[in-house]
1. Which whole-Hz ³J(HN,Hα) couplings does the stretch A:79-89 yield from phi under the Karplus relation 6.51 cos²θ - 1.76 cosθ + 1.60, θ = phi - 60°, glycine and proline marked x?
2. Using the 7 Å Cα-to-Cβ label point, sort the distances from residue A:10 to its equivalents in the other copies shortest first and give them in nm to one decimal.
3. If one puts a single equal scatterer on every Cα of the stretch A:105-224 and applies the Debye formula without solvent, what log₁₀ I(q)/I(0) results at q = 0.11, 0.12 Å⁻¹?
4. Leaving out ligands, DNA and RNA but keeping every protein chain, what accessible area does residue B:202 have, in Å² rounded to the nearest 10, with a 1.4 Å probe?
5. Looking at the P(r) of the protein assembly as shown, how many percent of alpha-carbon pairs lie beyond 44 Å?
6. What do you reckon, how do B:254, B:286, A:192, A:40 stack up by accessible area (1.4 Å probe), largest on top?
7. Rounding to the nearest 10 and keeping the result within 0 to 90°, find how far the Cα-based axis of helix B:134-157 lies from the longest principal axis of chain B.
8. Convex hull over the Cα atoms of the stretch B:1-129, averaged projected area in nm²?
Protein chains: 2
Amino acid sequence: MQVHPMWDSYPELREDLSNVLELINKHIRVRDKNVNAIIKDRIFGGGKLLRPIYSILCSNIGPDKDKDRAIAVAAALETLHMATLIHDDVIDGASTRHGKQTLHTSEGSKFAIYAGDYLFSVCFTILSRHATSLAHLEFNSRSMEKVLSGELDQLNARFQPPTSVKGYLSRISGKTAQLFAVSCYSGAIESKATKKQARNAWNMGHYIGMAFQIMDDILDYQGQEQTVGKPIMADVKQGIYTLPLIYAMQSNPKQLQTLLQKNEDLSSNDMEMILATIKQEKGLEKSRKLAERYTNKALKEMKKLPEGTYKDYLYTITMKLLTRLF
Amino acid sequence: MQVHPMWDSYPELREDLSNVLELINKHIRVRDKNVNAIIKDRIFGGGKLLRPIYSILCSNIGPDKDKDRAIAVAAALETLHMATLIHDDVIDGASTRHGKQTLHTSEGSKFAIYAGDYLFSVCFTILSRHATSLAHLEFNSRSMEKVLSGELDQLNARFQPPTSVKGYLSRISGKTAQLFAVSCYSGAIESKATKKQARNAWNMGHYIGMAFQIMDDILDYQGQEQTVGKPIMADVKQGIYTLPLIYAMQSNPKQLQTLLQKNEDLSSNDMEMILATIKQEKGLEKSRKLAERYTNKALKEMKKLPEGTYKDYLYTITMKLLTRLF
């Protein structure tokens with residue numbers, strides 16, 4: 001199956017990821033052929049497949065290297081990610097994702113809600129078929145719980161003044177970093193890595209997720225719609241206050257508060273003002289610095305892992321990802 | 001915990017069900033206390049707990065009677081049911097459920113979507129912690145898949161002319177009967193029932209589910225809002241054509257088609273006309289007859305199960321339920 005072009009320079013990884021998509025594809029089997037086709041068209045729409053690749057790479061940490069199982073676990077994680085994205089898009093009212101119309105835009109939010117639910121169940125079918133133990137499965141569903149209660153928290157925090165950097169970090173920790181951590185940990189644990197190695201993998205994934213989300217939130221302010229794959233400053237319009245804005249609020253609260261009170265009525269002029277203030281208060285710069293700190297923490301954890309080709313891949317991909325060369 | 005008053009005459013079952021709710025309650029632990037309280041308030045809002053009681057009763061079929069495990073499986077099934085109800089209410093725009101405001105009405109549909117997702121993951125956490133094998137778990141998630149692809153099918157069928165009784169039956173088979181069948185089967189299989197017994201339990205659950213859904217659809221036309229717990233003729237307004245209407249369409253298509261073309265613009269006068277036509281064409285009577293046939297099939301399967309007190313309960317509850325004495 002077609003994999004994101006960013007993997008073209010890594011044929012080995014590209015093949016693994018193609019197998020991940022193939023396995024997911026095999027598990028999507030809604031009775032109605034039309035519905036089936038729509039779901040497939042939308043979920044195989046060009047995601048970067050970061051969670052599965054981290055999981056697969058980390059399945060080289062332990063001695064029990066079973067590629068089929070590694071691919072199954074990666075497929076379950078990606079399916080879970082797809083399910084949450086579909087529901088996120090309904091909730092955020094996002095009209096495009098990876099440059100394509102979102103499922104709820106083309107098929108309606110009702111369809112998108114059930115399609116997401118369906119993918120949740122597919123995720124568990126894949127896991128229960130391929131995981132090695134019930135304990136591992138329980139771990140996975142608990143992690144999923146945490147991801148989702150993170151979403152509920154984020155929702156609850158909307159349109160309330162961005163409290164603090166700490167509040168932001170706790171939010172992205174539950175929302176993004178959790179799934180990166182689970183991905184690395186699951187790969188490691190399935191390969192029978194030691195507890196210590198699995199913990200290193202978890203920490204590495206957590207830090208990568210933190211850095212990744214901060215970079216993503218920076219891009220929301222400065223990227224081009226085409227490369228980012230979604231409209232610019234979508235977060236502010238949604239009432240989601242991310243790190244660059246929070247930093248700027250800390251040094252210049254008055255001006256921003258007046259603007260932000262308009263919530264969904266923000267004009268494009270207001271948006272430009274917000275962006276200018278953020279730049280002036282070095283909100284982007286400070287955010288980039290924090291992302292760098294998390295990247296360094298991730299690399300430190302990575303260093304502790306056993307040597308092997310997989311580690312070179314881990315390093316290269318993480319560096320490319322977190323400096324956003326792709 | 002408070003259990004629906006219909007169980008007051010069965011103290012033993014009421015205690016089991018109270019334990020089911022207690023277990024679910026223990027597993028709901030969203031970080032934000034406020035969010036946690038809202039979810040709990042809404043999901044412990046007076047459901048009849050039919051799926052868990054069938055599962056628990058069927059856990060007496062085999063020789064391995066472990067009450068704690070039976071309660072856990074029942075709790076997982078009820079949590080799954082709750083999750084689908086919350087999403088159903090968002091999708092149907094239902095404003096009340098069991099006489100209480102629905103979650104999406106009071107908290108917004110965004111909240112309700114994530115809360116449903118959260119409950120899906122709780123369902124799997126409970127299952128993976130208490131189920132006896134991965135194979136059983138795979139069976140459960142596959143069943144869940146079928147329930148959800150049933151929902152997708154139903155959605156797809158909306159506002160299209162009700163095709164046939166066959167189409168209706170296939171729809172409710174995926175939507176309601178599936179979960180009743182899974183409930184009975186899961187109880188049986190966890191108690192190490194024979195394959196044949198488990199199949200009987202599955203069939204019994206399936207037939208009960210079919211009869212139950214038909215009765216529910218009849219009540220949508222003739223019940224009182226207070227007893228049914230939701231507005232009357234909500235289905236037609238939603239463009240969902242159920243059995244009484246389909247029967248009436250078959251004998252008097254013209255008059256009904258003209259009315260139904262109005263879709264969401266149906267006036268209360270139109271609704272009265274529809275109801276009168278259904279009654280005149282014996283749509284309710286014919287539906288009741290079909291429900292009776294499924295009830296009899298269920299009783300026939302029930303008869304094949306090993307004797308025991310649980311069987312008396314099964315019989316009494318099924319009869320009460322399917323004649324809608326409660």
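1. Residue by residue, the stretch A:79-89 yields 5, 4, 4, 4, 4, 5, 4, 4, 5, 4, 5 Hz.
2. 5.6
3. One equal scatterer on each Cα of the stretch A:105-224 leads to -0.48, -0.57.
4. 60 Å²
5. Details: 52694 of 212226 pairs.
Here the tail beyond 44 Å accounts for 25 percent of pairs.
6. Working: B:254 165, B:286 85, A:192 120, A:40 50 Å².
The ordering from most to least exposed comes out as B:254, A:192, B:286, A:40.
7. The helix B:134-157 is inclined about 10 degrees to chain B.
8. Values: hull surface 31.5 nm².
For the Cα atoms of the stretch B:1-129, the hull's average projected area reads 7.9 nm².
The values are calculated or read from the model by the stated rules, or taken from the named source; none is laboratory data. For clarity, every value in this text was computed on a predicted model and none was experimentally measured. So basically every Cβ, Gly included, is an ideal-geometry build from the backbone, and we count neighbours across all protein chains shown. These accessible areas exclude ligands, DNA and RNA; they are computed on the full protein's heavy atoms, side chains included. Shrake-Rupley method; radii C 1.70, N 1.55, O 1.52, S 1.80 Å.
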